[in-house]
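Q: First the structure, then my questions, so here it is.
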Amino acid sequence: MTGHEGPPRRRWLSTWTTRRWLRVGVATSLTALALLGLTGAWSLARTQSISNELVDVRSPALTTAFSLEAALLNQETGIRGYGLTGATEFMAPYRQGLADQATRAARLAELLHDDAPALDDLADVQAAVASWQEKVAEPIAATPPGSPSPAATGLATEGKAAFDAVRAALTRQQDRLRADRLRARQDLADTMRTRNWLFTAIATVIAALAVLIFEGLRRGITRPLDRLGADARTIAGGDFDHPITSTGPADLRRLSAEIESMRRRLVRELAFTEQARLRLDAQAADLQRSNTELEQFAYVASHDLQEPLRKVSSFTQLLKRRYGGQLDAKADQYIDFAVDGANRMQTLINDLLDFSRVGRLHHAHQEVDLETVLEQTLSALSVGIEEAGAEVTHDPLPALVADPTQMGMLWQNLIGNAVKFRRPGREPRIHVEAERDGARWRFAVTDNGIGIAPEFAEKVFLIFQRLHTKDAYSGSGIGLAMCKKIVEFHGGTIGIDPDHRDGTRITFTLAAEPPSTGDAPALPEKTHADAERAR
């Protein structure tokens, strides 16, 4: 039976939490300290009681007994002198002795009121004194003064015997009081010695409790927490395969187990993330290669199409000039269609070339004053602006590290669209805003034109996407797509403000410094328009 009691007890203790260990430890310590405090208080009270008895009772009682003896000796000396001489001056010590006797006897009775043997001794003394006074002192004191008392001679032997009885009673009283005082002193010494040992034991127990508490906290809390912190720091340093060791009370072991579970889950997530990153890197490389090939293909295809297209355009225009009006109206219409198609094809190819060059040819990042670039753009668009009666205003624009050619293309497309898509019968009002937003600059180009419906807010930034026929508004549908490519190449985002109602408000951001990814555009951040569309 004894051999099977240990493991269950250890298992039972292993379920204790830190709070329970602290409660049990504090309760045990407080109980031990309370018991020690009570014992110490009893020892102090005992020492004080014996000390008070010795100082207030035993020593004063012995001193008063000596004073009582002195008062009785004064009476015997005075009455003997008066009896032998009859001189009245001997009566003064006698009478003083009587007064002192009464005072000392009353004081002794007060001090020894709870000591029956001592009171019996006092009664014996008083009885012997009363017998001596009655038989000897009072008869002699009653003799007239002036001559020796005849009673003194007759009572000499009897008086000596009576006072010897008084002396014997006083001796017994003093011996008892002396023994009582000696016993009280011994008790005080023993009690003080016991008190000193007791307080030494209390100090030892308190020191032992302090050591036990410190060691318990170190083993049960500090060491497990230090080990857990060391394991956590090791994992935080990058060693995710380092296991968490569970030690200490039950709650700390549970905490360690939860952290270990979190570590294992983190290892699995990191492994999955690493695999996903590798796949993403491979896909990004494939996408980058595909984009490069597509851009190269677009550039080569559009460049190679230039020569045959120029021939088609030249010959159709020559055909129109030479044979215009000589054929029927249907033939003239067909010739016009051919000339218009060739011209539009030329425009599309030129726009496609410009689009493919963004980020490939024009990537000379340098300090660019956007206000100067905007002024140059407005000068290039001055004819169209004057014909439309447009008014273009702008906030103070910053200087950025960017490609100046691309910044000019950006302003030209945004301002040109704002002028082109004006509301009939209404002069265009265009305003360019700029404000700092952390490490980026946020811009907005606002006009009072025909606007863009919310459902087309993303479509307009796709290449060759038109919302109107070529008869209503000219163009190839590549302008905003080029703007998006330029903005993203410079680490920003672009979108339509869905909250703007009177016209169109295009917002975009540009980084104050060029993105670190070189030719590859930065991942776009969410703009206000993106958030509104997602909502």
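The values are calculated or read from the model by the stated rules, or taken from the named source; none is laboratory data. Quantities reported herein were computed from a predicted structural model and do not represent experimental measurements. Note that each Cβ is placed from the backbone with ideal geometry, even for glycine, and that neighbours are counted across all protein chains shown. For accessibility, only protein heavy atoms count, side chains too; no ligands or nucleic acids. Shrake-Rupley method; radii C 1.70, N 1.55, O 1.52, S 1.80 Å.
Q: Output yes when any residue across the stretch 83-94 is in a helix (DSSP H, G or I) and closer than 30 Å to Arg219 by Cα, and no when none is.
A: Within the stretch 83-94, not a single residue is in a helix (DSSP H, G or I) and closer than 30 Å to Arg219 by Cα.
Q: Conditions first: (1) aromatic (Phe, Trp, Tyr); (2) surrounded by 12 or more Cβ atoms within 10 Å (Cβ to Cβ); (3) at pLDDT 70 or above. Tyr299 passes all but one, so which condition is the exception?
A: Exception for Tyr299: condition (3).
Q: Then there's this: Would you mention how many residues in the stretch 11-55 are charged (D, E, K, R), more than 27 Å from Thr204 (Cα to Cα) and without any contact (Cβ under 8 Å) to a residue 40 or more places away in the chain?
A: 1
Q: Sticking with this structure for a sec: Working only within the stretch 225-265, note down all residues that are closer than 21 Å to Trp21 by Cα and not in a helix (DSSP H, G or I).
A: Thr245, Ser246, Thr247, Gly248, Pro249
Q: Still on this structure: Could you grab the pairs with beta carbons closer than 9 Å, sequence gap of 6+ or different chains, first residue in the stretch 67-91 and closer than 14 Å to Gly146 by Cα, second one among the hydroxyl-bearing types (Ser, Thr, Tyr) and surrounded by 23 or more Cβ atoms within 10 Å (Cβ to Cβ)?
A: Here the result reads Thr88/Tyr82; Glu89/Tyr82; Phe90/Tyr82; Met91/Tyr82, each pair linking the stretch 67-91 to a residue that is among the hydroxyl-bearing types (Ser, Thr, Tyr) and surrounded by 23 or more Cβ atoms within 10 Å (Cβ to Cβ).
Q: Kindly check whether there is at least one residue in the stretch 175-182 that is within 30 Å of Leu73 (Cα to Cα), open to solvent by less than 40 Å² (accessible area, probe 1.4 Å) and at pLDDT 85 or above.
A: Checked the stretch 175-182: at least one residue is within 30 Å of Leu73 (Cα to Cα), open to solvent by less than 40 Å² (accessible area, probe 1.4 Å) and at pLDDT 85 or above.
Q: Next question. What do you reckon, is Gly238 on the phi > 0 side of the Ramachandran plot and surrounded by 12 or more Cβ atoms within 10 Å (Cβ to Cβ)?
A: no
Q: If only one of Trp16, Trp12 is modelled with pLDDT under 85 and outside any helix (DSSP H, G or I), which one is it?
A: Trp16
Q: If you scan the stretch 186-200, which residues turn out to be loosely packed, with under 15 Cβ neighbours inside 10 Å and in contact with a helix residue (DSSP H, G or I) (Cβ under 8 Å, 6 or more places away or on another chain)?
A: Within the stretch 186-200, Thr194 is the sole residue that qualifies.
Q: Right, something else. Would you tally the residues in the stretch 134-152 being in a helix (DSSP H, G or I) and free of Cβ contacts under 8 Å to residues at least 24 places away in the same chain?
A: Adding up the residues that qualify gives 4.
Q: Looking only at the stretch 254-270, which residues are free of Cβ contacts under 8 Å to residues at least 12 places away in the same chain and of a type in the set (D, E, K, R)?
A: Across the stretch 254-270, the qualifying residues are Arg254, Glu258, Arg264, Arg265, Arg268, Glu269.
Q: Just the residues that are at pLDDT 75 or above, of a type in the set (Ser, Thr, Tyr) and surrounded by fewer than 19 Cβ atoms within 10 Å (Cβ to Cβ), please, taken from the stretch 339-396.
A: Thr372, Ser379, Ser382, Thr393
Q: Could you please find all residues in the stretch 368-423 being of a type in the set (Ser, Thr, Tyr) and part of a helix (DSSP H, G or I)?
A: Matches in the stretch 368-423: Thr372, Thr377, Ser379, Ser382, Thr405.
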